[in-house]
Amino acid sequence: QRLEYQLSMDVSGFSPAELMVRVDGRKLTVTGKHEKKTESEAGVRSHEYREIRRETLLPEDVNVQAVLCSLSQDGQLCIEAPRLALPAAQGRDIPISRETPPLISARASPLPVCSNSCEGADQGPAEC
């Protein structure tokens, strides 16, 4: 596993002033708005408008307080954050329990009896 989380996205055509990177909990949002108005010598006007929005959920082992981002010369937005040092999962044995059959006679209960492991009191025998 890498020591850093890295995400790269193409935002060419956007300046750093037109981009915003926000972290809310584990959700990372990148937004950008670019607007350009031009008029040629012949009087032709053009209006260019571009907008970008990308959301991603950061992994649980990422330190969201230490997210950094940079913009390369070729328009790649690089987002980096260190990973948290989580303890390694320890192996463990899981005991197996035995269920004992209920002491109810077949005449008193015409339907099969569910064990206590069924979820929900209103489930019928077919759902156990």
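Values quoted throughout were computed directly from the atomic coordinates according to the rules given, and no laboratory measurement underlies them. Not measured: the values here are computed from a predicted model. Glycine also receives a Cβ, built like all others from the backbone with ideal geometry; neighbour counts cover every protein chain displayed.
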Please report the projected area of segment 4-82's Cα convex hull averaged over all directions, in nm². 5.8 nm²
Could you check the spin-label model distance between V21 and E39? Points 7 Å from the Cα along Cα→Cβ, value in nm. 3.8 nm
Which of the peptides 66-76, 42-52, 4-14 is most tightly packed, and how do the rest follow, judged by the mean count of other Cβ atoms within 10 Å per residue? 4-14, 66-76, 42-52
